[in-house]
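Q: This is the structure I want to talk about, given as structure tokens.
The values are calculated or read from the model by the stated rules, or taken from the named source; none is laboratory data. None of the values given here were measured: they were computed from a predicted structure. In this analysis, Cβ positions are derived from the backbone assuming ideal geometry, glycine residues included, and neighbour counts consider all displayed protein chains. With ligands, DNA and RNA removed, areas are computed over all heavy atoms of the protein, side chains included. Shrake-Rupley method; radii C 1.70, N 1.55, O 1.52, S 1.80 Å.
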Amino acid sequence: DSDGDGVNDEEDKCPHEVGPASNFGCPVIDTKTVERVNKAAQNIFFQTNSAKLMQKSFVSLKEVVQVMKENPSYKIAVDGYTDNTGKADYNLKLSDSRAQSVKSYLVQNGIEESRITATGHGINDPIADNKTAAGRAKNRRVEMKLTNY
């Protein structure tokens, strides 16, 4: 336990920084930073039936780029989701393409590709009822999760 945090080095993903076992021995990411990224993720939009980012997404994406530049040890997972309109296999590809578009934007703006994962989940894990237009709109989303391990 090189850093004295109670997590053995072989299990500690940050063996030279103090952090709780619940975060694999890495420091916990500040709540305000997590909220900045979550808010940004809620303001990412794509053209209909497309992975092309809409112009109004760029302010939020620039915020994520800033967080990543301020915290070079952070990694980010980008997860894309769709509503249940259309075929499931098409939606899976679309959600993956959208997650990849966000990743591409981050890379083009100076974030190392190795720090980003992008995954499409299609119609899985809805957060609202797909029976209403408002629910479907909520299910068409990108989520981002920061880690520092």
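Q: Once phi is turned into θ = phi - 60°, what whole-Hz ³J(HN,Hα) does the Karplus curve with 6.51, -1.76 and 1.60 give for every residue of segment 87-100, x standing for Gly and Pro?
A: Result, ordered by residue: 7, 4, 5, 5, 5, 5, 5, 4, 5, 5, 4, 5, 4, 5 Hz.
Q: Check residue 118: other-chain or 5+ apart residues with amide H under 5 Å from its amide H, H built from backbone geometry?
A: The answer is 78.
Q: Would you mind computing, in nm to one decimal, how far apart the modelled labels at residue 30 and residue 107 are, each placed 7 Å from Cα along Cα→Cβ?
A: Here the modelled spin labels are 2.9 nm apart.
Q: Using a simple spin-label model with points 7 Å from Cα along the Cα→Cβ vector, what separation in nm is obtained for residue 62 and residue 49?
A: Going from the residue 62 label point to the residue 49 one covers 3.2 nm.
Q: Using a probe of 1.4 angstrom, how much of the accessible area of the chain is carbon and sulfur, in percent?
A: Exposed carbon and sulfur together represent 50 percent of the surface.
Q: Multiply the residue separation of residue 90 and residue 73 by 0.36 nm, subtract the distance between their alpha-carbon atoms, and state the gained length in nm to one decimal.
A: That pair, residue 90 and residue 73, stretches by 2.6 nm at full extension.
Q: Same structure, new question: Averaged per residue, what accessible surface does segment 1-127 expose to a 1.4 Å probe, in Å²?
A: 58
Q: Amide H to amide H, which residues 5 or more places from residue 14 or on other chains are under 5 Å from it, using H placed in the peptide plane?
A: Sorted by chain and number, the residues that satisfy this are 26.
Q: Give me the angle, in degrees from 0 to 90, between the Cα long axis of helix 31-41 and the longest principal axis of the Cα atoms of the chain, rounded to the nearest 10.
A: In the chain, helix 31-41 runs at an angle near 20 degrees to the longest axis.
Q: Loop-only trypsin sites (Lys or Arg not before Pro) in segment 67-128, please: DSSP not H, G, I, E or B, and at most 12 other Cβ atoms within 10 Å.
A: Within segment 67-128, the qualifying trypsin sites (Lys or Arg not before Pro) (loop, at most 12 other Cβ atoms within 10 Å) are 87.
Q: Taking GluC sites (Glu not before Pro) as exposed when DSSP calls them loop (any state but H, G, I, E, B) and at most 14 other Cβ atoms lie within 10 Å, what is the longest stretch of the chain free of them, the sites themselves excluded?
A: Between the exposed loop sites, the longest stretch runs 12-111.
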